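Below is one structure, written out as structure tokens; the observations come after it.
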Amino acid sequence: MSTDVNFAHLTVFESVEQLSAFDVMPDPVWVFDVDAYGFWWGNARAVEYWGLEHYQQLVDKDLSSDTDGARNRIRGIFEKASQEGMTSDPWTTYPNGEATTVLIRHKAVLLGPQRHRGIIGFVLEEHQLGEAEQLLFAEATRYASVAVTSYTLDGDLLFENPASANLYGYDRRENLPENISLFESRFSDPQEARERLEKGRKGEDSRHTHLMVTRHGVQRHTVDIRSSRHPLTGEYLMLVSEYDVTALHNALQEAELAKTNLKTRQL
């Protein structure tokens with residue numbers, strides 16, 4: 001196991017044969033290996049849910065494109081379930097490429113001879129995402145003071161809240177230079193913009209501070225980029241939140257300058 005925490009109190013499944021009782025359940029049930037980051041087993045309904053024919057296809061499912069955020073959330077759910085016994089968490093899954101929100105009840109277990117950390121997932125209900133969820137997201141960010149924007153992996157705008165629109169203005173979306181996306185155009189340093197866009201395309205969540213070209217002049221922002229997926233198409237996208245740290249940066253510089261001046265006077 002990749003952790004020093006004692007999980008001796010958890011149920012151990014030495015092999016998939018011990019899970020056969022779950023095969024008669026009418027709802028999808030799957031077992032996820034947290035350490036190997038992949039499915040360990042799934043019942044017949046789970047195999048059907050994912051549009052597959054046999055649970056081995058579920059075990060062999062390629063999850064290499066999952067984001068750091070998804071991986072961290074899986075680990076967090078295991079920790080929580082190991083402490084609380086059982087958790088209920090909403091997830092957006094993509095069986096057959098279609099976005100589906102499911103409420104999953106998770107139970108922490110240990111798997112195989114290596115005692116890998118594992119989670120049994122019991123799917124309780126599901127519904128298709130649609131315009132309602134998009135409206136909820138838009139409404140949730142509408143009154144936020146933080147600029148929130150979502151982009152395609154090419155850096156094209158999908159959505160931005162009023163704080164972002166006010167910060168950058170609508171006019172800057174037009175007449176962009178060739179081969180420069182809207183995402184890149186907001187950075188003062190083109191090289192930094194390209195590097196952040198490339199990280200976003202790879203699904204690498206990151207947070208760095210940059211000089212950004214706003215309607216109010218060049219400002220220093222902490223730019224938080226998280227990978228997400230479009231609620232209708234399932235396509236990967238970048239969710240960007242920006243925090244203005246210009247005043248804080250200036251205050252720190254002034255404090256450092258005052259400290260340097262004080263030392264100079266004492267010499």
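The values are calculated or read from the model by the stated rules, or taken from the named source; none is laboratory data. Because the structure is a prediction, the values reported are computed rather than measured. Every residue, glycine as well, gets a Cβ built from its backbone with ideal geometry; the counts of neighbours run over all protein chains shown. Heavy atoms of the whole protein, side chains included, go into the accessibility calculation; ligands, DNA and RNA do not. Shrake-Rupley method; radii C 1.70, N 1.55, O 1.52, S 1.80 Å.
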Quiz item: Restricting the first residue to the range 1-12 and requiring it to be aromatic (Phe, Trp, Tyr) and at pLDDT 60 or above, which pairs with a second residue that is open to solvent by less than 80 Å² (accessible area, probe 1.4 Å) and outside any loop (DSSP other than H, G, I, E, B) meet a Cβ separation below 8 Å and a spacing of at least six or different chains?
Solution: PHE7/SER82; PHE7/ALA108; PHE7/LEU110; PHE7/ARG117
Exercise. Six or more apart or on different chains, Cβ under 6 Å: which pairs go from a residue in the range 93-121 that's under 21 Å from GLY76 (Cα atoms) to one that's of a type in the set (D, E, K, R) and outside any loop (DSSP other than H, G, I, E, B)? Could you list them?
Key: VAL102/GLU126; LEU103/GLU125; ILE104/ASP89; LEU111/ASP33; HIS116/ASP33; GLY118/ASP33; ILE120/LYS107
Quiz item: Among HIS230, HIS249, HIS208, which is the only one that is open to solvent by 50 Å² or more (accessible area, probe 1.4 Å), at pLDDT below 90 and not hydrophobic (A, V, I, L, M, F, W, C)?
Solution: HIS249
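Given the condition within 27 Å of ARG71 (Cβ to Cβ) and not small (Gly, Ala, Ser), answer yes or no: does some residue in the range 243-266 qualify?
Looking through the range 243-266, at least one residue is within 27 Å of ARG71 (Cβ to Cβ) and not small (Gly, Ala, Ser).
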Self-check item: Scope the range 211-227; condition open to solvent by less than 70 Å² (accessible area, probe 1.4 Å) and in contact with a Gly (Cβ under 6 Å, 6 or more places away or on another chain); matching residues
Solution: ILE225, SER227
Practice problem: Kindly check whether there is at least one residue in the range 54-62 that is in contact (Cβ under 8 Å) with a residue 60 or more places away in the chain, surrounded by 11 or more Cβ atoms within 10 Å (Cβ to Cβ) and assigned to a loop (DSSP other than H, G, I, E, B). | Solution: no
Quiz item: If we only count strands (runs of 3 or more DSSP E) wholly inside the range 151-267, which ones have 3 or more residues that are farther than 30 Å from ASN96 by Cβ and free of Cβ contacts under 8 Å to residues at least 60 places away in the same chain?
Solution: 206-214, 217-229
Self-check item: Residues that are modelled with pLDDT under 80, open to solvent by 40 Å² or more (accessible area, probe 1.4 Å) and either touching a Phe, Trp or Tyr at 6+ places or on another chain (Cβ under 7 Å) or not polar (S, T, N, Q) (or both), drawn from the range 95-116
Solution: GLY97, GLU98, LEU103
Quiz item: Scanning for something modelled with pLDDT under 90 and either open to solvent by 50 Å² or more (accessible area, probe 1.4 Å) or under 28 Å from LYS199 (Cβ atoms) (or both), does the range 27-44 turn up at least one residue?
Solution: yes
Practice problem: Find the residue count for the range 63-92, including only residues that are part of a strand (DSSP E or B) and without any contact (Cβ under 8 Å) to a residue 40 or more places away in the chain. | Solution: 5
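I'd like the full set of residues that are of a type in the set (D, E, K, R), open to solvent by 30 Å² or more (accessible area, probe 1.4 Å) and closer than 16 Å to GLU242 by Cβ, limited to the range 154-183. Break it down stepwise before answering.
Of the residues in the range 154-183, the ones of a type in the set (D, E, K, R) are 154, 156, 160, 171-174, 178.
Filter again for open to solvent by 30 Å² or more (accessible area, probe 1.4 Å), leaving 154, 156, 171-174, 178.
Within the range 154-183, just ARG172 meets the criteria.
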